[in-house]
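As structure tokens, the structure follows; a few thoughts come after it.
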Amino acid sequence: MPVNEKAYWIAFNRVPGIGPARLTALLESCGTVEQAWRAPIQQLKASGLDRRTLENLLTVRRTLDLEAEWQRLIESGVAILTWDDADYPHNLRQTPHPPPVLYVRGELQPVDSCAVAVVGTRRASAYGREVAHTLACELARNGVTVVSGLALGVDAIAHQSAADAGGRTLAVLGSGVDQVYPASNRSLAEAILRHGAIISEYPLGTKPEANNFPPRNRIISGLSLCVVVVEAGERSGALITAKFAAEQGREVFAVPGSILHPGSLGCNQLIQNGAMPLLSVTDVLDLLDLERVSAQSEMRTTVAADPGEAKVLSYLSAEPKHVDEIVQELTLVASQVTGLLTMMELKGLVRQVGPMRYVRA
């Protein structure tokens with residue numbers, strides 16, 4: 001028997017083809033993650049697994065030593081957060097299909113819910129470097145956590161500047177958290193650990209393969225309240241982060257640049273397509289409404305979560321739901337639902353968009 005239920009989450013995370021959607025189906029069919037791991041083949045088939053994914057699961061289930069895997073994690077000093085954890089990042093939890101498992105080196109704190117992603121090209125110009133530095137410093141000095149991807153260029157400057165300003169910063173990797181990439185940023189990674197955390201959805205030992213990086217960008221945007229693209233060429237990975245941000249309902253800012261500089265083409269196109277032009281760090285700070293965010297963060301940390309909150313939140317989406325619908329669907333008492341919604345609105349988890357109608361915040 002594994003020493004901790006999280007070992008089963010880790011195990012599923014090692015099965016090719018099982019992501020958030022398929023794991024959700026398994027949990028709905030089987031109950032708990034342990035029951036899903038131990039489920040008979042017929043039940044696994046009934047949950048909707050295709051033949052290849054089922055074969056992958058059976059292979060990993062047969063060959064993976066859960067106790068050894070868990071012990072390896074304990075010895076590494078890496079923390080694990082899953083959907084079941086109350087301290088799973090609040091912002092990321094609100095996105096469609098958040099990663100079931102996060103590996104964390106360093107420390108996540110409640111204040112990290114007030115976060116802004118600062119991303120951009122690896123080949124930053126002098127202009128881009130200065131903007132990234134100024135922006136990250138000012139955000140950090142205002143208590144905003146800076147999120148980026150530990151890449152060369154804009155990412156590295158954003159992390160370093162936030163740390164130098166005494167603020168917090170989070171790095172999201174396209175590899176295991178024990179595989180810092182690029183290697184030249186290892187000293188920066190150590191600085192980040194003193195001022196925040198390094199995060200990945202990939203298991204320990206995962207190498208920084210090219211196809212890992214686009215998906216990790218949804219975590220960068222998902223951890224953040226908005227995304228700022230400082231400088232980006234036409235095919236920059238930062239544009240993928242911006243796309244995920246828009247899909248997640250996050251505001252996207254782009255720093256205008258010279259129409260003659262290829263490194264500004266991506267940002268200028270973002271603005272042309274509806275992104276907010278960033279003219280000053282004040283633009284971001286005004287959007288964040290820091291007093292409101294601070295109050296909501298304090299509510300989330302000082303007022304214990306009711307188990308019913310997760311139930312209500314799982315039912316809500318971007319489509320408004322009437323209180324009566326929530327009561328009927330979740331078989332809860334009306335007074336309980338209204339009480340939950342009131343508290344969740346104070347915490348910034350839901351928004352009222354009409355008489356008795358609510359959506360996820």
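The values are calculated or read from the model by the stated rules, or taken from the named source; none is laboratory data. If you're wondering where the values come from, they're calculated on a predicted model, not measured in any experiment. Using ideal geometry, Cβ is built from the backbone for each residue, glycine included, and neighbour counts are taken over all protein chains shown.
Being surrounded by fewer than 18 Cβ atoms within 10 Å (Cβ to Cβ) and within 22 Å of Pro98 (Cα to Cα) holds for only one residue in Glu251, Glu247, and it is Glu247. Suppose we filter segment 171-194 for residues that are free of Cβ contacts under 8 Å to residues at least 40 places away in the same chain, assigned to a helix (DSSP H, G or I) and surrounded by 16 or more Cβ atoms within 10 Å (Cβ to Cβ); how many remain? Residues meeting the conditions: 4.
Here is a yes/no grid of residues against (1) surrounded by 14 or more Cβ atoms within 10 Å (Cβ to Cβ); (2) closer than 22 Å to Gly249 by Cβ; (3) modelled with pLDDT of 85 or more:
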residue: Ser317; (1), (2), (3): no, yes, no
residue: Lys321; (1), (2), (3): yes, yes, yes
residue: Val327; (1), (2), (3): yes, no, yes
residue: Leu330; (1), (2), (3): yes, no, yes
residue: Ser335; (1), (2), (3): no, no, yes
residue: Leu341; (1), (2), (3): yes, yes, yes
residue: Arg351; (1), (2), (3): yes, yes, no
residue: Gly354; (1), (2), (3): no, yes, no
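Pairs linking a residue in segment 11-38 that is in contact (Cβ under 8 Å) with a residue 24 or more places away in the chain to a residue that is part of a helix (DSSP H, G or I) and small (Gly, Ala, Ser), with Cβ atoms under 8 Å and 6 or more positions apart or on different chains, are Phe12/Ala36; Leu23/Ala36; Ala36/Ser29; Trp37/Ala11. Ala197 meets each of the listed conditions (1) part of a helix (DSSP H, G or I); (2) in contact with a strand residue (DSSP E or B) (Cβ under 6 Å, 6 or more places away or on another chain); (3) crowded, with 22+ Cβ neighbours inside 10 Å apart from (1). Confirm whether Leu152 is among the hydrophobic types (A, V, I, L, M, F, W, C) and not assigned by TED's automatic domain parsing to the domain that holds Val229. So Leu152 fails the test. Considering segment 138-162, and only residues there that are part of a strand (DSSP E or B) and polar (S, T, N, Q), the residue that is surrounded by the most Cβ atoms within 10 Å (Cβ to Cβ) turns out to be Ser148. The set of residues in segment 311-361 being assigned to a strand (DSSP E or B) and within 22 Å of the chain's Cα centre (by Cα) consists of Val350, Arg351, Val359, Arg360.
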